[in-house]
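Asks: Structure below; questions to follow.
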Amino acid sequence: PLSVAAARAAAKRALAGGEPRAERLSQLAALAERTLAAERPLSAWAVFEMGAARLSRWRAVGCEERMSRPLLATALRSLAAQRRRHDFERWIGRAEEELGEPLSAESEPLSSAMCAACEAGWEQHALAMNASLADAGRAPSTAALNALMAMRLDASADGDDEQRQRGATSALDVFIRMRVSRVPPPDRDSAALATAAAGRRKETWSGLRNLLRRPWLRVPWNEATGSAAICALVEAGRLRAAAAAAAHVRESGTAANASPLLSLLAFASGPRGCADEARLVYAALEARLDGEGP
């Protein structure tokens, strides 16, 4: 992973090269992307600042070079990761001036910024970016809408039952729109998030299974959704329902991952833990995972 000093040194070398200006900015964007992937938002921001400063110098001598979309996208993601909302808003406002066209002219940069806003818990910003794309006749990426679903579930996870139900309903609304419009199409993560949301609305495994099969929802059954169903029921404290879901996973021959075991461990060690019911779920999961590893 790159430190701030190392990132600045790498950015300085890229800017000192003899390539065309646009190519040097692309190199900075790639460098900032690597630092973000390494979870170094301060380093990514340092790279962006050097690129922005160099652009200002070029423009001061009459160059009309525009900022690249990937470089601006890394800046927005870095600011969101640092929870610098004011600066995030400021650069969103400057985007059209810097790019020479609306930020919504292409879907990917605004979709990545929408993901970052969701991860920061800034729902209004995410919805504003979604609306901007819609006004431009574009759609956010599947990852951006998955991030919106996840944010709504996470934001309501510690609330009372009414708040949890509202969060689940709003997350399901996103999935249903994706499934109906197919723009963008839902993926396995979308289906798992929809299953987690549906799990908050039912107290029994049969009720949840029937909901997932409804024509207006139709969540596919696979490793991701099976594991999400068990996790949702465990987290809600409905361990007998979770045991029934785990048994269905076993009987249907569906693969299972370690997430239900981790959810069960977290629940069993908490204040609501019930050893006898936890053992029911564990037995069903162990029968599925025995010999496969977590």
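Asks: For region 1-74, what does the relative contact order come out to in percent, with C-alpha contacts under 8 Å and a separation of six or more?
Replies: That works out to 38 percent.
Asks: If R0 is 25 Å, what FRET efficiency do you get for Glu108 and Glu49 from their C-beta distance, rounded to 0.05?
Replies: Rounded to the nearest 0.05, the efficiency is 0.65.
Asks: Then there's this: With a cut-off of 8 Å between alpha carbons and a minimum separation of six or more residues, what is the relative contact order of region 1-127 in percent? Mind dumping the intermediate values first?
Replies: On the way: 151 pairs, mean separation 27.7, N = 127.
Reported as a whole number, the value is 22 percent.
Asks: 7 Å from Cα along Cα→Cβ at both Arg57 and Leu262: what's the point-to-point distance in nm?
Replies: 4.5
Asks: Quick one: if the Förster radius is 41 Å, what FRET efficiency do Arg94 and Val180 give, using the C-beta to C-beta distance and rounding to 0.05?
Replies: With R0 = 41 Å, the Cβ-Cβ based efficiency is 0.70.
Asks: Right, another one. Length gain on complete extension for the stretch Glu19 to Asp161, per 0.36 nm per residue less the alpha carbon to alpha carbon distance? Could the numbers behind the result be given before it?
Replies: Details: separation 142, 0.36 × 142 = 51.12 nm, distance 5.84 nm.
Length gained, Glu19 through Asp161: 45.3 nm.
Asks: What ranking, highest mean first, results for peptides 21-28, 170-177 when packing means the other Cβ atoms within 10 Å averaged over each residue?
Replies: The most tightly packed comes first, giving 170-177, 21-28.
Asks: Still on this structure, please answer the following. Which value in nm describes the separation of the simple spin-label points at Ala6 and Ala131, placed 7 Å from the Cα toward the beta carbon?
Replies: Going from the Ala6 label point to the Ala131 one covers 4.3 nm.
Asks: May I pose another question? Over the chain, what is the relative contact order in percent, taking alpha-carbon pairs closer than 8 angstrom and at least six residues apart?
Replies: 9 percent.
Asks: Tally Lys and Arg at +1 and Asp and Glu at -1 over the other residues with C-beta under 11 Å from the C-beta of Ala105: what net charge comes out?
Replies: Net of charged neighbours comes to -2.
Asks: To the nearest 10 degrees, how steeply does helix 188-199 sit against the main Cα axis of the chain, on a 0 to 90 scale?
Replies: For 188-199 against the chain, the angle is about 50 degrees.
Asks: Output ³J(HN,Hα) for region 56-72: one whole-Hz value per residue in order, computed from phi by the Karplus curve 6.51 cos²θ - 1.76 cosθ + 1.60 with θ = phi - 60°, and x for Gly and Pro.
Replies: Going residue by residue, I get 4, 5, 4, 5, 5, 9, x, 6, 9, 4, 9, 5, 7, 4, x, 5, 5 Hz, with x marking Gly and Pro.
Asks: Shape of region 39-133 from its Cα gyration tensor (a ≥ b ≥ c, root eigenvalues): rounded if a/c is under 1.5, otherwise prolate when a/b > b/c, or oblate?
Replies: oblate
Asks: Residue farthest toward the positive end of the dipole of region 206-252, with Cβ of Lys/Arg at +1 and Asp/Glu at -1: which of Trp221, Ser252, Leu211?
Replies: Leu211
Asks: Let me ask something else. Going out from 0 in 5 Å bins, what whole percent of all Cα-Cα distances in the chain drops into each bin?
Replies: Reading upward from the zero bin: 1, 6, 11, 13, 13, 12, 11, 9, 8, 6, 5, 3, 1, 0, 0, 0.
Asks: Can you tally the net charge around Ala32? Count Lys and Arg as +1, Asp and Glu as -1, for every other residue whose Cβ sits under 12 Å from the Cβ of Ala32.
Replies: +2
Asks: A further question follows. Accessible area per residue, 1.4 Å probe, Å², for the chain: what's the number?
Replies: 49
Asks: Can you send over the carbon and sulfur percentage of the accessible area for the chain, probe radius 1.4 Å, protein chains only?
Replies: Working: 7130 of 14290 Å².
Within the chain, the accessible surface is 50 percent carbon and sulfur.
The values are calculated or read from the model by the stated rules, or taken from the named source; none is laboratory data. A quick note: this is a predicted structure, and the numbers were derived from the prediction, not measured. Virtual Cβ from ideal backbone geometry, glycine too; neighbours counted across all protein chains shown. Just so you know, the surface numbers come from the protein's heavy atoms only, side chains and all, with ligands and any DNA or RNA stripped out. Shrake-Rupley method; radii C 1.70, N 1.55, O 1.52, S 1.80 Å.
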